[in-house]
1. Output the residues belonging to region B:96-138 that are surrounded by 23 or more Cβ atoms within 10 Å (Cβ to Cβ), within 16 Å of the chain's Cα centre (by Cα) and away from chain A (no Cβ under 12 Å).
2. Based on what the data block shows, is residue A:299 within 13 Å of chain B (Cβ to nearest Cβ), of a type in the set (Lys, Arg) and surrounded by fewer than 17 Cβ atoms within 10 Å (Cβ to Cβ)?
3. Looking at residue A:43, is it assigned by TED's automatic domain parsing to the domain that holds residue A:133, modelled with pLDDT of 95 or more, more than 23 Å from the chain's Cα centre (by Cα) and not aliphatic (A, V, I, L, M)?
4. Against the definition (part of a helix (DSSP H, G or I) and either at pLDDT below 95 or touching an Asp or Glu at 6+ places or on another chain (Cβ under 8 Å) (or both)), how does residue A:145 come out, yes or no?
5. Out of all the residues in region B:81-94, which are within 14 Å of another protein chain (Cβ to nearest Cβ), buried (at least 24 other Cβ atoms within 10 Å of the Cβ) and not acidic (Asp, Glu)?
6. Any residue at all in region A:317-325 that is under 23 Å from residue A:382 (Cα atoms), within 14 Å of chain B (Cβ to nearest Cβ) and surrounded by fewer than 22 Cβ atoms within 10 Å (Cβ to Cβ)?
7. Check A:228, A:151 and return the single one that is over 10 Å from the mean Cα position of the chain (by Cα) and either touching a residue at least 12 places away in the same chain (Cβ under 8 Å) or buried (at least 21 other Cβ atoms within 10 Å of the Cβ) (or both).
8. Any residue at all in region A:170-184 that is outside the structural domain of residue A:394 (by TED's automatic domain parsing), in a helix (DSSP H, G or I), in contact with a Cys (Cβ under 6 Å, 6 or more places away or on another chain) and surrounded by 24 or more Cβ atoms within 10 Å (Cβ to Cβ)?
Amino acid sequence: MTDAPERLSALEARTAIDAGRLSATDLLEACLERATSRHKTVRAFVHIDAEGARRAARRLDAGPAGGLLHGLPFCVKDIVDSHDQPTAYGALGGEANVPPWDGAAIALSRRAGAVLLGKTTTTELVYPRLKTTRNPLRPTHTPGGSSSGSAAAVADCQVPFGIGAQTSGSLLRPAAFCGITALKPTFQHIGNAGVRTNTEAFDTLGPMARTVADLALLRAALMGIPYAPVAPESVVRPRIAICRTPYWDRAEPATVAAMARAHDAFAVAGARLVDFELPDEFARLEHAHARISNFESARNYAHEEVRAPDAFSADFMTKRMGPGLAVTMAQFREAMRLVMGCRRWLDRAFVEEGIDAILTPSAAGEAPAGLTNTGTFIFNLIWSDVHTPAVTVPAGEGEGGLPVGVQLVGRMHEDARLLDLAAWAERRLAAQ
Amino acid sequence: MTTTMTAPAEARDLSASEAARAISTGHLTAEALARSCLDRVASRDRHVEAWAHIDPDQVIADARAADRAGPKGPLYGVPVAFKDIIDARGAPTGFNSPIYPDYHPRSDSAVSALVRLGGGIVMGKVATTEFANMHPGPCRNPLDLERTPGGSSSGSAAAVADRQVPLALGTQTSGSMLRPAAYCGIVGYKPSFGEISRVGVKQQSGSFDTLGLCARTLPDIALLRAVLTRTPHAPLQPADHPPRVRLCRIPEWMDAEEQGRVRVERAANVLADAGCDVDELALPADLFAEWFDVHRRIANFESARNFAFETDQHRDKLSATIYEGRILDGQRTTLDAYVAACRQAEAMRIWLEGAMAEVDCLLTLAAPGEAPLGMATGRPTFNSLWTLLYVPCLSLPYGKGAAGMPLSVQLVGHRFADEALLSAAATVQWILDTEDPS
């Protein structure tokens, strides 16, 4: 029997279940107990289906341990449809759909034997109303957003893994703020069927976990591809491009220090580190990103605008919908062309300069104090726009004692290689 | 540019643009238009079977409400049909599948909400193939009930062609909007990828799914497009210069019916004679020879994942066509094959952008030829390439074949320059109609 099974990583728990040292039921009960006892402090979940999860765990224990995620409890940001649990998409009341299906990410997780414990908070639409999830490491601080609940639940050992999503910075930033790791895969590698659309041009689901090794397991299940463990030992003298981005002046001391620590840790381990400057076009991505997101919002949320305007905060209407109606088609297209040009430039740069990964900030600094400000996504939006895979890896703490991460970005479609390098980086940073 | 404006016998014979104008100026009521369309539906539905769901009482109530409320938007009072994989509040979405018999979305899709915002009326849901794949529904070609209307947007094209509704939305992941439009003798349009919201449309392939529009006239396409993109509607103008046109024979050109090929080649000659700069554009074999396989790998890899729930929970209710043809094929497609296809597709797009720099549009086939006999919806051979390349395309009816069924041409434009394509198409259509008004 394993003590505190809720603290095991996904891989550790899966191995223990396979070896018969842990049952799906025992793991679930440990996670449920943790989630329930911590709810008042962390408030990660909008809905927990204890009985449904118990039934699923019992079924799994009655059969052989087959799937990649057999017996692993998980949570999902409440923008993904679940046929047996409510999905509120982060809106309040209103005329929520009750679809009869699971979104692809939930279906594939369940196919692999995972147990859906519940749906977690998302702050996208109710910004800044009703942001109640707290950073489990310091509850007076935000966990970040919009994948707030998934980040908090995983960091707090309520579940071994969660699924979040990123349009701008909503997956990697909260993961960094909560001291865990997350993967934003290459755009379209994980199917978006059954996911509430935010911005079609950027929306990407991704797994969140406590170790990089777990991300490889989760990625295989979510993509329906064969699993191969991360191979950090295959990473020899990687060529790492240090990218401060055109927004470096917004980096706080915690981020500056984390980037320096990473630089040193990687250099000592034999990495070839080079400075990497992005051309001027990339500085215009902040504006282009907003234009595209806002333009799409004014179309994607047409139903809610007419039928359920109270479901959204005044902030959402004034900061997204209103500006979205003012963006012209010409401006939208100009922004899309800029993004596509940056994407193509970056892909060529990876190849021509032999870059293994880009090292860049995960967030501006530590998690801000208070709950209504989930932090700026300025260091995430470039990588959302260019569709490349990206991982955040814990890189110590800031002066405030809260976690900071660093972000590693790979070439489009080379997610497996990026995870190998991220596992390598994780070890180097932990050894510091 | 348009044909003479004689007063049609029935309100349902008006184009959407004409109807909206008539209703806005008080010459026609939305209710009268709705009733005219509904009468046609009532007399024809048992033959054509274009409708998956229609509630005539609701349509009339909505039309009456529109009349009471007064002019609203450029689509004021015009009924619009939606392919039954697109949600519309107040109607079920059935996907032509037994898996979801009771799915009643409480929300409009983005496009049905935008139609309502633009003053239009949701007329109902029109027939689709199973999950917009290949397994056909009961819908028949209104011009010849022994023939397919094409698919997967079967009901969209059939209902519009048969004057049961002036406008319909479909989707295209391979060839599913332009081919049925071509087979039914109307105008089909696939916009640039990424311009029209897919919220409320069940996703098959995130890399390809595109909303499609069909109508009987080009100005109607422009009108509906403005509403769906939520951009100001400007009446369609012909291009300010004769279009620079490139005839593009894709690698599968000889797979088409000879009469189909001849028709497109004739169009090229007519345009050249009228003073257009017409030439050929050859697709380089090294990049394009395997395009069909590139499209298939991406579409099926993604579809297999997106249909994970249906595969795992409702396997017995999936047709062999979709399970074996799409889902299993997608499961067997390796990640390496998918990634190679994605890279190849992007290389093709970059090449085409360069090749079309001094060109207004490509001219090519919209379908292999006339609508075939039987209910199989036909092959997307002449459509999927343009879906893959993200560029806007239009099918225009052009003449008839040996069996008396419509033939067509396809015009392909630049991504993010749809208005320019519509303008060029207006000029092309005028030239072709003037030369051969039949």
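The values are calculated or read from the model by the stated rules, or taken from the named source; none is laboratory data. Since the structure is predicted, the reported quantities are computational estimates derived from the model, not experimental observations. As a convention, Cβ positions derive from the backbone with ideal geometry for all residues, glycine included, and neighbour counts pool all protein chains shown.
1. Across region B:96-138, the qualifying residues are B:125, B:126, B:127, B:128, B:129, B:132, B:133.
2. no
3. Considered against the rule, which asks whether it is assigned by TED's automatic domain parsing to the domain that holds residue A:133, modelled with pLDDT of 95 or more, more than 23 Å from the chain's Cα centre (by Cα) and not aliphatic (A, V, I, L, M), residue A:43 comes out as no.
4. Against the criterion (part of a helix (DSSP H, G or I) and either at pLDDT below 95 or touching an Asp or Glu at 6+ places or on another chain (Cβ under 8 Å) (or both)), residue A:145 does not qualify.
5. B:82, B:85, B:86, B:88, B:93, listed by residue number.
6. yes
7. Answer to the check: A:228.
8. So far as region A:170-184 goes, no, none of its residues is outside the structural domain of residue A:394 (by TED's automatic domain parsing), in a helix (DSSP H, G or I), in contact with a Cys (Cβ under 6 Å, 6 or more places away or on another chain) and surrounded by 24 or more Cβ atoms within 10 Å (Cβ to Cβ).
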